[in-house]
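Everything below concerns the one structure shown next.
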Amino acid sequence: MKEIKQFDVVILGGGLAGIYAALTLDSNLHIGLFIKDSIERGSSNLAQGGIAAEVIWDEAKIEEHYEDTLRAGGYLNDKEATRILVEEAGKHINQLLSLGVHFDKNSDGSLVTTLEGGHRSRRILHAGGDDTGAHVMADLRETLSKRDNIDVFENEMAIEILHNQNKALGVIVINPDNEEVYILANRIILATGGIGGIYKKSTNEKIACGDGIAMAYRAGVAIKNMEFVQFHPTGFYVEDQIGKTFLISEAVRGEGGILRNIEGYRFMEKYDVERMELAPRDVVSQAIHREMFDTWSDHVYLDITHQPKEFLMKRFPTIYKHCLEYGIDISKDYIPVAPVEHFLCGGIDTDIYGKTSMQNLYAIGECANTGVHGANRLASNSLLECIVFAGRVAEDINKEKDTFGKIDVILPDMVFTHKKFNFKDIRVEIRDVMSKYVFIVRTEENLTLAKKLLTKHYNNLKKIRVFSRYYYETINMVTVALLIIDQALARKDSIGCHFRLN
């Protein structure tokens, strides 16, 4: 007998987008929040810099935020969605405050703001100095725990979307006992995060395998702008280290940090004399890549030594402590940094209410392509995108809640094997191929080779359907990798974080 559960709304993902949507939906709705790992893991918890938002309505400042976002995105942004992003920012920041989130404040009670790359004004709100994500998520989890209408399921991974005639009806989930559970819902929200797990080095957790994007693709949902993988310029460099990379926040450059090559020379004036270190991430990452190539090195340095030690310890307590563990006192020593995978600007294509090309299915957060990032995300717009579009999804669902009812569906007779196959070598090769051939600088030859190497694994994995999280993560990884490669091959010109040599 197959286990079946039914909810009004099912949300996949326990990051900022997923939890904010759950808390913003009508409290009379029965919501199932499914998280494939612990609720305390994920990219939202790792966000250091903050949330970009003009909290006080000022048309000139909001217009500036809009223009900064378009400029960073190479003007490939969806202009309507971008306008919504910046204009609704203040409303949702106030909603976060009402949900118990504590941002850093000045002595007069006003919110502290800082500057980051690509922004012309100090509009970045932060919490805990340089530990914004962890603080915001802890506050929201506390509020979540008090909501009786929301059931939270940790360590339960959704593997397939149940659908019929382009209408989403539910998902199949693997529970902690490795059992098959059918979850039915009137509306389904994908908030499954990013794709960092397909690269050798990323600021994401390894669990970020692009699961929601791959599931949606298998169900025939439109996927767009996958070629725009953003690399953060300043991942903390440790020789031979792979996996999750500690992030040196953009805010360090916002507070005057200087980039120097291994010979000690400041180099950003060669690449962007107007904005220097505060250029958008695509410009800075590509500049660092060139400097490393020219100096035969695998890292550069970030210099913040001109700032007083007391200021650095208060403003960047997490970064200060982490660097000190490696013998680096950032008040006296340069910080070794190198670009690493950070954020996917594309994903599951949506409209301005988070609706995908499949009825009853929404996507929000990093797995979604809302269009606000264009070819390159502006710093600290990611957490803002989470709350603005999660809020719009909740608004859309709340309007339709009176139409919800019992779902009648004929469950598919899916055949799985339960053999314990080992896919470790495939995962290692996916990360090697993506990091070598689909990185900051791309060529036709390398992309074609990457496609050939990974298509072999994709075809072999499709021949079987193993009922395990490890199998589904692996096939999701190679599916997403091939989507990135195919869309990178299709875009011949260089723009934003997609840089083609040929």
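The values are calculated or read from the model by the stated rules, or taken from the named source; none is laboratory data. The structure displayed is predicted, hence computed values, not measured ones. Reconstructed Cβ throughout: ideal geometry from the backbone, glycine too, with neighbour counts over all protein chains shown. Heads up: the accessible areas ignore ligands, DNA and RNA and are worked out on the full protein's heavy atoms, side chains in. Shrake-Rupley method; radii C 1.70, N 1.55, O 1.52, S 1.80 Å.
In summary, residue 271 fulfils each of the numbered conditions (1) within 19 Å of residue 383 (Cβ to Cβ); (2) of a type in the set (Ser, Thr, Tyr); (3) surrounded by fewer than 24 Cβ atoms within 10 Å (Cβ to Cβ) with the single exception of condition (1).
Against the criterion of being of a type in the set (Lys, Arg) and more than 30 Å from residue 411 (Cα to Cα), residue 2 does not qualify. Among the criteria (1) touching a residue at least 24 places away in the same chain (Cβ under 8 Å); (2) over 14 Å from the mean Cα position of the chain (by Cα); (3) surrounded by fewer than 24 Cβ atoms within 10 Å (Cβ to Cβ); (4) assigned to a loop (DSSP other than H, G, I, E, B), the one residue 227 does not fulfil is (3). Checking each residue in segment 50-68 for being open to solvent by less than 10 Å² (accessible area, probe 1.4 Å) and either of a type in the set (Gly, Ala, Ser) or in contact with a helix residue (DSSP H, G or I) (Cβ under 6 Å, 6 or more places away or on another chain) (or both) picks out 50, 51, 52, 53, 62, 65. From the list 348, 330, the one residue that fits, being more than 20 Å from residue 124 (Cβ to Cβ) and modelled with pLDDT of 95 or more, is 348. Among the residues of segment 275-293, is any surrounded by 24 or more Cβ atoms within 10 Å (Cβ to Cβ), within 30 Å of residue 427 (Cα to Cα) and charged (D, E, K, R)? For segment 275-293, residues surrounded by 24 or more Cβ atoms within 10 Å (Cβ to Cβ), within 30 Å of residue 427 (Cα to Cα) and charged (D, E, K, R): present. Being touching an Asp or Glu at 6+ places or on another chain (Cβ under 8 Å), modelled with pLDDT of 95 or more and closer than 27 Å to residue 294 by Cα is a condition met by at least one residue of segment 206-229.
Take segment 330-388 and flag every residue that is hydroxyl-bearing (Ser, Thr, Tyr), in contact with a helix residue (DSSP H, G or I) (Cβ under 6 Å, 6 or more places away or on another chain) and crowded, with 24+ Cβ neighbours inside 10 Å.
Once the filter is applied, which keeps residues that are hydroxyl-bearing (Ser, Thr, Tyr), in contact with a helix residue (DSSP H, G or I) (Cβ under 6 Å, 6 or more places away or on another chain) and crowded, with 24+ Cβ neighbours inside 10 Å, segment 330-388 yields 362, 370.
Within segment 345-363, the set of residues being in a loop (DSSP other than H, G, I, E, B) and not aromatic (Phe, Trp, Tyr) comprises 345, 346, 350, 351, 352, 354, 356, 357, 358, 360. Selection of segment 199-219 for residues being among the aliphatic types (A, V, I, L, M), within 13 Å of the chain's Cα centre (by Cα) and buried (at least 24 other Cβ atoms within 10 Å of the Cβ) yields 208, 213.
Any chance segment 24-31 includes a residue that's β-branched (Val, Ile, Thr), touching a strand residue (DSSP E or B) at 6+ places or on another chain (Cβ under 8 Å) and farther than 24 Å from residue 129 by Cα?
Yes - at least one qualifying residue is present in segment 24-31.
What are the residues in segment 6-51 that are modelled with pLDDT of 95 or more and at positive phi, if any? Residue satisfying the conditions is 13 alone. Taken together, 46, 12, 25, 96 contain a single residue that is open to solvent by 10 Å² or more (accessible area, probe 1.4 Å), in contact with a helix residue (DSSP H, G or I) (Cβ under 7 Å, 6 or more places away or on another chain) and under 28 Å from residue 210 (Cβ atoms), which is 46. Being within 29 Å of residue 274 (Cβ to Cβ) and buried (at least 18 other Cβ atoms within 10 Å of the Cβ) is a condition met by no residue of segment 136-154.
The single condition from (1) at pLDDT 95 or above; (2) in contact with a Pro (Cβ under 6 Å, 6 or more places away or on another chain) that residue 171 fails is (2). For segment 445-485, taking the residues that are under 14 Å from residue 214 (Cβ atoms) and among the basic types (Lys, Arg), the one that is surrounded by the most Cβ atoms within 10 Å (Cβ to Cβ) is identified as 469.
When we screen 413, 396, 408, 425 for residues that are under 30 Å from residue 163 (Cα atoms) and part of a helix (DSSP H, G or I), the only hit is 396. How many of the residues in segment 45-74 are in contact with an Asp or Glu (Cβ under 9 Å, 6 or more places away or on another chain) and outside any loop (DSSP other than H, G, I, E, B)? So the count comes out to 9.
One line per residue, one yes/no per condition, for (1) modelled with pLDDT of 95 or more; (2) among the small types (Gly, Ala, Ser):
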residue	(1), (2)
81	yes, yes
88	yes, no
103	no, no
109	no, yes
131	no, no
144	yes, no
151	yes, no
